[in-house]
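Inspection log for the structure reproduced underneath, given as structure tokens.
The values are calculated or read from the model by the stated rules, or taken from the named source; none is laboratory data. Here the structure is a predicted model, which is why all the values come from computation and not from measurement. Note that we place each Cβ from the backbone using ideal geometry, even for glycine, and neighbour counts take in every protein chain shown.
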Amino acid sequence: MLRTLLPGQTVSRDQRSTPPGGRLQRLGHGALIALLVALIPLAVWATTFEQAKSAIDEAKQVREEAIAAGVSASPTDEMIEQAESVLPSRQYTRARQYAEWARRQDELAMELLARQEAREAAGEVAKAEVGTYREPLDVLQGLIDRTSSDYLTQSDQNLMMMADSPAIWVAMDGEPLFHEPRGPNNVSLEECDFGKGPGVLEGAYVELPRYFEDTGKVMDLETRLVHCMVTLQGFGPDDPEVKQRHGNGSDHMKLQAYIASQSSGYAWNPPLDHPLEQAMRDAGEVMFFRRAGKADFSCNTCHGDTGKRIRASVLPNKNFPEEWSKAISWPAFRVGHDQVRSSQHRVRGCYWQMRQAGSIAGSDGSIALLSFWTDAARGAPAILPDMKR
Amino acid sequence: MSKQSIPATLLVGLAALSLVAVSAIADEVDYTKMTPEELAEYLIFETDSFRLDQEVQEGGTARQRMVQDDLQKTCSIVGGGRPDMETLLEVSKQARETIVYPEDGIQLGDWERGRDLAWSGYGYRVGHNVDDHENNDIGGNCYNCHQIATDRTGGTLGPSLVGFGKIRGTSDAIKKYTYDVIYNSHAAFPCTNMPRFGSTGYLDEQSIADIMAYLLDPESPVNQ
């Protein structure tokens, strides 16, 4: 209602077919037109009938173009009618001014609409870039095309094998496991909220870890999955479905690979709105740079530069989102292990390699580190599932 | 059981109880009230995030591996980079004080064993897969970060050591320099990424002598 009383035109496509109805709307237009009429100076007499007529024709033509472009019903129709209605009484200047006003209104409306459409198109492109599903190999190829990273290109063999990655099969096995009613409570994981609503998986994984109201905790994928298997499906924490976390045959790897693969191509975007999310991410950053253990290593010792190698392996640089996106794209098939591996498995391996204490999956420490490492890849598209050496 | 069937008094009681419990936990551990450093320490030591009670090869438990000593603390800069020059000089000075020389002087050992150790990453790993020091030598991990000889690919985190002895010779000064860098490289390069193989007891005297021979002995493939 408010909108119809505002001067000017609405530019929304879906209002195009709305009939110019409603007393209020008419009243609004009437008042507006009366105001405009009053404002138009009356002292100019130099306009001829032909000039007025051609101004009106022009306005009508632009009106048609505007309608074709999707500009909805607007006071210009009435302005043109007004212009025509004053012609017989030889008010040519007034008629021309009505007509020109109407034309300018339509031109402006078309321009606004064009801009809005351009914005929407740019949004679609951006979305295609980061916010819609893409095959993992296409995502990786896209990253390779826009960077020259030795880390991303280091294994031709993996690039060739990726389309047939065993991780894809493991993810497929996860699909029925996810959707079937299971566990003592005979419920499916469609009831489980991974942050975007129960059962919503598209783009959910790239926004983990995140704070969950129902537990009051920041949780990563594995921890959330355990939570739902236990509280929703009724599995015990020691049931193999929950306890067995590693290996192609484990429910966990199947489910994690399936859930994560629904985010392939989406940009990493872990939320930091909740104070706990920010606190965990910041503590994770401290942990990343914290030297300790028998060999004085921190994660940054090996992941703070570009193009450095450990033996023949090129190391990913956490300051370089295109590289780091691949680094944190787990689950991934690790060729050397002949198994699909999880983020938590990688974290454990890193602490092991650093000669520090063994990291425990699902712990707040591990989730803090994951919060930081996901934040470090923010904006770059995820490759899920990935393949690594 | 529907909620209505629970007596109201019980509900009130439960609510009161859980409030007490929640506020007790919240009082104790409101993560958002800690600095990032405080929270990191808290997470590492107080939240069952690491297997702190596991025994480690050098004796004691993994907890001590996670406790930072002065050097580790000083050389950990959140966001990267190095401390200021004054601090670096102090790190270097303290590192020099840790270096202990063999009673019979710095010796070159057996370059063949040294090669095996330089190319081995075995040792000190705990957690899910504990390295067995009883039955295996502790490696120096050198190859992970350094290109050492041309016959195998080494890392590039540290400088190349190819031709190390050939370029430098085997004077006492070079032997001492090499020993110092292996023993505690922060003496020469404060806040370096390189582990302190001598002052932390990572490698024993014999292993250091053998690795030095691999680097300096004219017979060693490093110098071919």
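Side notes on the structure shown:
- Screening A:ALA377, A:ALA368 for residues that are more than 10 Å from chain B (Cβ to nearest Cβ), over 25 Å from A:TRP169 (Cα atoms) and under 28 Å from the mean Cα position of the chain (by Cα) leaves exactly one candidate, A:ALA377.
- Across the range B:192-206, the number of residues qualifying as in contact with a Leu (Cβ under 7 Å, 6 or more places away or on another chain) and surrounded by 23 or more Cβ atoms within 10 Å (Cβ to Cβ) comes to 1.
- Residue match in the range B:174-191 (condition: over 25 Å from the mean Cα position of the chain (by Cα) and more than 24 Å from B:ASP70 (Cβ to Cβ)): yes
- Among residues of the range B:164-193 that are at positive phi, those with a Cβ under 8 angstrom from a residue that is part of a loop (DSSP other than H, G, I, E, B) and surrounded by 15 or more Cβ atoms within 10 Å (Cβ to Cβ), sequence gap 6+ or separate chain, pair up as B:CYS191/B:CYS75; B:CYS191/B:PRO83.
- Looking across the range A:286-301, the residues that are assigned to a helix (DSSP H, G or I) and more than 7 Å from chain B (Cβ to nearest Cβ) come down to A:PHE288, A:CYS299.
- For A:ALA332, the conditions (1) touching an Asp or Glu at 6+ places or on another chain (Cβ under 6 Å); (2) within 10 Å of chain B (Cβ to nearest Cβ) are fulfilled apart from (2).
- Per-region count, the range B:46-77, residues under 13 Å from A:ALA295 (Cα atoms), more than 7 Å from chain A (Cβ to nearest Cβ) and buried (at least 17 other Cβ atoms within 10 Å of the Cβ): 1
- Restricting the range A:335-364 to residues that are of a type in the set (A, V, I, L, M, F, W, C) and more than 13 Å from chain B (Cβ to nearest Cβ), the residue that is farthest from A:GLN154 (Cα to Cα) is A:VAL340.
- Test: residue in the range B:24-31 that is modelled with pLDDT of 95 or more and out of contact with any Cys (no Cβ under 6 Å at 6 or more places or on another chain): yes
- Within the range A:229-254, the residues that satisfy the criterion of being of a type outside the set (D, E, K, R) and more than 18 Å from A:PRO184 (Cα to Cα) are A:HIS246, A:GLY247, A:ASN248, A:GLY249, A:SER250, A:MET253.
- In the range B:78-126, residue nearest to B:PRO190 (Cα to Cα) [restricted to those that are surrounded by fewer than 19 Cβ atoms within 10 Å (Cβ to Cβ) and of a type in the set (Ser, Thr, Tyr)]: B:SER92
- With respect to (1) under 29 Å from the mean Cα position of the chain (by Cα); (2) surrounded by 20 or more Cβ atoms within 10 Å (Cβ to Cβ); (3) in contact (Cβ under 8 Å) with a residue 12 or more places away in the chain, the lone exception for A:HIS274 is condition (2).
- Scope the range A:221-238; condition out of contact with any Asp or Glu (no Cβ under 6 Å at 6 or more places or on another chain), in contact (Cβ under 8 Å) with a residue 40 or more places away in the chain and not aliphatic (A, V, I, L, M); matching residues: A:GLU222, A:THR223, A:GLN233, A:GLY234
- Just one of the numbered conditions (1) at pLDDT 95 or above; (2) more than 11 Å from chain B (Cβ to nearest Cβ); (3) assigned to a loop (DSSP other than H, G, I, E, B) is not true of A:TRP324: (3).
- Only listed residue being farther than 30 Å from A:PRO385 by Cα, of a type in the set (Ser, Thr, Tyr) and at pLDDT 85 or above, chosen from A:TYR133, A:TYR92: A:TYR92
- Residue within the range B:44-56 that is in contact with an Asp or Glu (Cβ under 7 Å, 6 or more places away or on another chain) and either in the same structural domain as B:TYR177 (by TED's automatic domain parsing) or modelled with pLDDT under 95 (or both) present: no
- Which numbered condition A:ASN300 misses (of (1) at pLDDT below 95; (2) in contact with a Phe, Trp or Tyr (Cβ under 9 Å, 6 or more places away or on another chain); (3) polar (S, T, N, Q)): (1)
- Enumeration of residues in the range B:124-149 that are facing another protein chain (nearest Cβ under 8 Å) and touching a residue at least 60 places away in the same chain (Cβ under 8 Å): B:TYR124, B:VAL126, B:GLY127
- Within the option set A:GLY336, A:GLY379, being surrounded by fewer than 23 Cβ atoms within 10 Å (Cβ to Cβ), touching a strand residue (DSSP E or B) at 6+ places or on another chain (Cβ under 7 Å), assigned to a loop (DSSP other than H, G, I, E, B) and not aliphatic (A, V, I, L, M) holds for one residue only, A:GLY379.
- Among residues of the range A:201-220 being in a loop (DSSP other than H, G, I, E, B) and touching an Asp or Glu at 6+ places or on another chain (Cβ under 8 Å), the one that is nearest to A:GLY131 (Cα to Cα) is A:LEU208.
- Residue count for the range B:142-175, restricted to those that are within 16 Å of B:ALA209 (Cβ to Cβ) and surrounded by 15 or more Cβ atoms within 10 Å (Cβ to Cβ): 6
- Every condition in (1) at pLDDT below 85; (2) within 48 Å of the chain's Cα centre (by Cα); (3) farther than 14 Å from A:GLU100 by Cβ; (4) not aliphatic (A, V, I, L, M) holds for A:THR76 except the one numbered (3).
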